[in-house]
Amino acid sequence: MSTYVYILFTMFLNFLYTSCDIAEDWQLSFQDPATHTVEGMIFFHDYLLIFIVAIGIFVFYFLYRILIQFNHLTYHAAEKFTHSSLLEILWTILPAVVLIFIAVPSFTLLYSLDELIDPEVTLKVVGHQWYWSYEYTDLLEARISTQNGFSVDSYILSTTDLLEDMAPLRLLEVDHKILLPSNKHIRLLVTSADVLHSWAVPSFGVKIDACPGRLSQGSLFIKREGIFYGQCSEICGVNHGFMPIAIRVVAPDIYEDGLRYVYPDII
């Protein structure tokens, strides 16, 4: 009994105070936002809960009243009426008003997701069975002397490599973490070399499908530094669960020096 109480208590605490850039045990709420996009999603989620709770209370209250008041024991004579003009007007207008209040912030959030403001860094993501390739093209101030940028492959770390590198996160750690700057507009170009994949990082609010022969576009503006994890979110074959995404976000002033340090053999 105490075990179940502990589990429920842990779930409740995680629901209120989840603080992470990866998924945690018994987590019910969102991961910590690292972009304005996720902050908008969390606000819209909480905003919708107001309507959901209000409508739920309203509906269940009327169901309760109907079950208690209108039955063969308490109400013997049925009312004989065909319609009520006032009631029909109300149940037409009120849902429309609710939908308007929901639609306005919804469309605002949707349009903000597609907004792309003069990107300073471009990262091309290519999905393979079963790893990711990343191509750096536009770099800050173009001080790195590469003709057309450079590319790097990112594979999942095996259990042996996890022990050697003291990496704590099984199925999420990779051999090459992608380096990105904070507080800079970043353009994402996502495609696939074989089958459908999906590049998804919850803390960024990003989930972009990688389709063969098609180049999908997204944008990022990362507000804080840290290490962020994601995974492929489209079933792409037998090793679909072994395509993690790991991104290290650093300050803009050390971003290019960081690239030289992380990829000394390429740059």
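The values are calculated or read from the model by the stated rules, or taken from the named source; none is laboratory data. Since the model is a prediction, treat every value here as computed from it, not as a measurement. Methodologically, a virtual Cβ is constructed for each residue, glycine included, from the backbone with ideal geometry; neighbour enumeration extends over all protein chains shown.
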Residues of region 238-251 that turn out to be more than 14 Å from LEU172 (Cα to Cα) and surrounded by fewer than 15 Cβ atoms within 10 Å (Cβ to Cβ), as a count: 2
Condition check for GLU88: at pLDDT 80 or above, more than 20 Å from the chain's Cα centre (by Cα) and part of a strand (DSSP E or B): no
Region 165-207: number of residues that are basic (Lys, Arg) and not in a strand (DSSP E or B): 3
Considering residues of region 109-130 that are part of a helix (DSSP H, G or I) and in contact (Cβ under 8 Å) with a residue 40 or more places away in the chain only, the residue surrounded by the most Cβ atoms within 10 Å (Cβ to Cβ): LEU109
Test: residue in region 190-205 that is at pLDDT 90 or above, under 21 Å from GLU120 (Cβ atoms), assigned by TED's automatic domain parsing to the domain that holds ASP153 and surrounded by fewer than 21 Cβ atoms within 10 Å (Cβ to Cβ): no
